[in-house]
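Asks: Sending over a structure as C-alpha cells; questions will come in a sec.
The values are calculated or read from the model by the stated rules, or taken from the named source; none is laboratory data. Not measured: the values here are computed from a predicted model. Cβ coordinates were reconstructed from backbone atoms using ideal geometry, including for glycine residues, and neighbour counts include every protein chain displayed. When the accessible area is computed, the model is the full protein with side chains, heavy atoms only, and any ligands, DNA or RNA have been set aside. Shrake-Rupley method; radii C 1.70, N 1.55, O 1.52, S 1.80 Å.
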Amino acid sequence: MQSLNRFKESASQTAGPYVHIGCVPNFAGIGGVFPADLGKTMLKEATRGTRITVKGQVFDGTGTPLRDALIEIWQADADGIYPGGSDPRGPGDPHFTGFGRQAGDAATGEFAFETVKPGRVPFRDGRMMAPHITFWIVARGINIGLHTRMYFPEEEEANAADPVLARVEHKPRLATLIAKAEGEGTYRFDVHLQGEDETVFFDI
Amino acid sequence: MRNKAEGAFYQRDREWHPPAFAPGYKTSVLRSPQKALISLDNTLSEATGPVFGHNIIGELDNDLIHNFAAPGESAIGERIIVYGRVMDENGKGLPGTLVEFWQANAGGRYRHARETYIAALDPNFGGCGRAITDEDGGYAFRTIRPGAYPWPNRPNDWRPAHIHFSLFGHAFAQRLITQMYFEGDPMIWQCPIVGTIPSREAIEGLTALLDRENTIPMDARAYKFDIILRGRRSTLFENRLEGN
C-alpha cells in the first residue's frame, strides 16, 4: 500500500503563566530586547476607517477574571479586506496590520484594543458575513488556544443574516458573540470560559 | 513567497491534542469550556493571517545568550543551538512565518513578576527570542538549556526542561502555542502538563533530539526541533473561497 506521507500537527501545550515573557516582553518588564511588543499598536494616523475601542475581560468558571491571559485579534480592514498579503482579493489598507495582541491587566485582567471597525467579508459561498473580529485566547490552564468571534450590536440586520451565527443552534448563546456598546465607539466583549454564559468557541 | 488563502485546513484532530478539561493539570478545571465547540469550515477570516516581515527582526533576536546581556557578558548555562523547520502536515516548509520562543534560565527561574521559585535570576538572561523562517521553513536560535523547576499543582510537581514556542503559520487557523522538550529527560514522563497530551507518540513529537553532527566544536550542542502546523486541502475541484 502507498502512504499519504502526512505528518500530525504538533500537539498544543498551554501558554503557561509566563507567556508574557515571549509574547509581550516589554509588558513583562523585559525591556531592550524587542523595541515594542508585537500587535500592541494596530493603528497609524493614515489607517482608514472608524476608530473603535474593544475592551473586555476573560472569566473562569467561578466568574473570576483571568489576570494572566493573552488575547489576540485578527480582523479585516475598514473595506473588508484582510491586510498583509494573505487575502486573495488584494493587499488591503497598507496602514493597518489587522493583528492585535494584548495582555490582560495584571490587577483586573482587563484588555483593550484600539482598532477600526472591520468591513464585511464574504463567506465561502459569497454571502456577506456581518462585521466581526476573530479572537484567540491563551492562558495558564488553557490547553489549546480558544477561537471565538466578536460581532457588533448595532449590526442587527447583518448579524441576522450571518452564515456563521446561523450555525449556532442554541439561540440564547448568540448573545455571547455580540459585544455591548459602551458609549461612543467603545465596545465591551467579555469572554466566559465556562458556566451558564459560556462563550461560543469555534472549531475552525 | 507566501501562499494566498487557498483551500480550507485539515480538520484539527482533537483526540491528538490535549483536551480542554484535564484534571491532572488543576488550573484547566475552571478554565475549560464545557460546551461543544461550534464547527466551522474555514472562511477568509480563518484562512488568512497576519504577515510579519523580516524587518521586525533585530540582530540578536535569535540569540538569547546575548540579547539581554550587558555588553561583553553572556547568559550562564549550557550553550545550545535549537534549529528545525516549520512545516505543514503535508511536509511542506512554511517560509516567512514568525516563530517566538521563551524559557526559564539555566536554574529554572523565569524573569517574571509572578515567579516565586527561589532559584537565582541571571542578570544577563531575559528569556525571549524570535525568528522568521527562511524559504524552506527553517529557523535557528542560540540559547542556554533551561532548568527544570517546581510548580504549584500537586504538592511536589516539577516541569521538565522546556522551551515555549508560538507559531503563526500562514493563516490564523494554524495559530499554535506549544512546548519543546529535551531527548532523554526523565521528568517529561512525570509532568502533569505533558500528561495532558493523550498519546506517547504526540509527546515524542514535541521532544527534540540531540544532533551530534550539528554540534559546534568547543561552543554549543545542537537540538533539532521540527514543528508541524495544520495542512490545507488542495484546491482541486473545491469551491474556492470567494474572490480567489
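Asks: Which value, in debye to the nearest 20, gives the size of the charge dipole of region B:63-207 about its Cα centre, when Lys and Arg are +1 and Asp and Glu are -1 at the Cβ? Can you show the working numbers first?
Replies: Details: 13 positive and 16 negative charges, 85 e Å.
Roughly 400 debye, rounded to the nearest 20.
Asks: Still on this structure, please answer the following. Mean-square fluctuation check for chain B, GNM, Cα pairs under 10 Å: which of B:MET87, B:MET187, B:MET218 is largest?
Replies: B:MET218
Asks: Cα centroids of region A:53-76 and region B:164-234: how far apart, whole angstrom?
Replies: Using only Cα atoms, the two centres lie 28 Å from each other.
Asks: With a 1.4 Å probe and all protein chains in place, put B:GLU46, A:GLU196, A:GLU182 in order of accessible area, largest first. All intermediate terms of the calculation are to be shown ahead of the outcome.
Replies: Working: B:GLU46 5, A:GLU196 180, A:GLU182 85 Å².
Largest accessible area first, the list is A:GLU196, A:GLU182, B:GLU46.
Asks: Pick out which of A:ASP125, A:ASP79, A:ASP87 has the largest mean-square fluctuation in a Gaussian network model of chain A, springs linking Cα atoms closer than 10 Å.
Replies: It is A:ASP125.
Asks: Determine, from the Cβ-Cβ distance of A:ALA106 and B:ARG212 and an R0 of 35 Å, the FRET efficiency 1/(1 + (r/R0)^6), rounded to the nearest 0.05.
Replies: 0.20
Asks: With θ taken as phi - 60° and the coefficients 6.51, -1.76 and 1.60, list the Karplus ³J(HN,Hα) couplings across region B:193-207 in order, rounded to whole Hz; mark glycine and proline as x.
Replies: Once rounded to whole Hz, the list reads 6, 4, x, 5, 7, x, 10, 4, 4, 5, 5, 4, x, 9, 9.
Asks: Scan around B:THR207 for amide H atoms under 5 Å from its own, H built in the peptide plane at 1.01 Å from N, and keep only partners 5 or more places away or cross-chain.
Replies: B:TYR181
Asks: Simple spin-label model, 7 Å along Cα-to-Cβ: A:GLU156 to A:THR64 in nm?
Replies: A separation of 3.9 nm, rounded to one decimal place.
Asks: What fraction of the Cα pairs in region B:107-163, stated in percent, has a spacing above 17 angstrom? Before the final figure, lay out the partial values.
Replies: Values: 796 of 1596 pairs.
Tail of P(r) above 17 Å: 50 percent of Cα pairs.
Asks: Using θ = phi - 60° and the Karplus curve 6.51 cos²θ - 1.76 cosθ + 1.60, what whole-Hz ³J(HN,Hα) does each residue of region A:26-37 get, with Gly and Pro shown as x?
Replies: Residue by residue, region A:26-37 yields 5, 4, 7, x, 9, x, x, 8, 10, x, 8, 6 Hz.
Asks: What accessible area per residue, rounded to a whole number of Å², is obtained for the protein assembly as shown using a probe radius of 1.4 Å? Present the calculation step by step, with values, prior to reporting the outcome.
Replies: On the way: 18460 Å² over 448 residues.
Ligands and nucleic acids excluded, the figure is 41 Å² per residue.
Asks: Share of the protein assembly as shown's accessible area from carbon and sulfur, percent, 1.4 Å?
Replies: Details: 9770 of 18460 Å².
Looking at the protein assembly as shown in its full context, I get 53 percent from C and S.
Asks: Using θ = phi - 60° and the Karplus curve 6.51 cos²θ - 1.76 cosθ + 1.60, what whole-Hz ³J(HN,Hα) does each residue of region A:131-143 get, with Gly and Pro shown as x?
Replies: x, 7, 10, 7, 10, 9, 10, 10, 5, 3, x, 9, 7
Asks: Follow-up question, since we're still on this one. Using only the Cα atoms of the protein assembly as shown, what do you get for the radius of gyration and for Dmax, in Å?
Replies: Cα radius of gyration and Dmax of the protein assembly as shown are 21.2, 68 Å respectively.
Asks: If I model a spin label at A:LYS180 and A:HIS95 as a point 7 Å from the Cα along the Cα→Cβ vector, what separation in nanometres do I get?
Replies: Distance between label points: 3.4 nm.
Asks: Can you pull the Rg over Rh of region A:40-192, Cα-only, Kirkwood?
Replies: Across region A:40-192, the Cα-based Rg/Rh ratio is 0.95.
Asks: A further question follows. Residues of region B:43-62 with accessible area at least 20 Å² lower in the all-protein-chain context than alone (1.4 Å probe)?
Replies: For region B:43-62, once contacts with the other chains are taken into account, B:THR43, B:LEU44, B:SER45, B:GLU46, B:THR48, B:GLY49, B:PRO50, B:VAL51, B:PHE52, B:ASP61 lose 20 Å² or more.
Asks: Would you mind working out the magnitude of the charge dipole of chain B relative to its Cα centre, with +1 at each Lys and Arg C-beta and -1 at each Asp and Glu C-beta, to the nearest 20 Debye?
Replies: Details: 27 positive and 29 negative charges, 151 e Å.
Here chain B has a charge dipole of around 720 debye.
Asks: Which far-off residues, 5 or more places away or on another chain, put their amide H under 5 Å from the one on A:ALA15, with H placed in the peptide plane?
Replies: Amide H neighbours of A:ALA15: A:ALA139, A:ILE142.
Asks: Report the accessible surface area buried between chains A and B, summing both sides, using a 1.4 Å probe on protein heavy atoms only, in Å² rounded to the nearest 100.
Replies: About 7700 Å² of accessible surface is lost on pairing.
Asks: So, one more: Can you list, bin by bin at 10 Å, the percent of alpha carbon pairs in region B:55-185, starting at 0?
Replies: Reading the bins upward from 0: 12, 40, 32, 15, 1.
Asks: About the Cα centre, and with charges only on the beta carbon of Lys, Arg (+1) and Asp, Glu (-1), how big is the dipole of region A:83-162? Nearest 20 debye, please.
Replies: Once rounded to the nearest 20, the dipole reads 380 debye.
Asks: In terms of the Cα gyration tensor, with a ≥ b ≥ c the square roots of its eigenvalues, is region B:12-74 rounded because a/c is under 1.5, prolate because a/b exceeds b/c, or oblate? Display every interim value, and only then the final one.
Replies: Working: a/c = 4.10, a/b = 1.62, b/c = 2.53.
Judged from the Cα gyration tensor, region B:12-74 comes out oblate (a/c at least 1.5, b/c at or above a/b).
Asks: I would also like to ask the following. Between A:LYS117, A:LYS40, A:LYS171, find the one with the highest GNM mean-square fluctuation for chain A; connect C-alpha pairs within less than 10 Å.
Replies: A:LYS171
Asks: Continuing with the same structure: Could you work out [θ]222 nm for the protein assembly as shown from helices alone, using -39500 (n - 2.57) per DSSP H run of at least four and dividing by all its residues? Round to the nearest 500 deg cm²/dmol.
Replies: Numbers: 4 runs with 19 residues, N = 448.
Here the helix-only value at 222 nm equals -1000 deg cm²/dmol.
Asks: Here's a follow-up. If R₀ is 60 angstrom, what is the calculated FRET efficiency for the pair B:TRP158 and A:LYS171, using the beta carbon separation as r and rounding to 0.05?
Replies: Details: r = 47 Å, r/R0 = 0.78.
E(calc), rounded to 0.05, equals 0.80.
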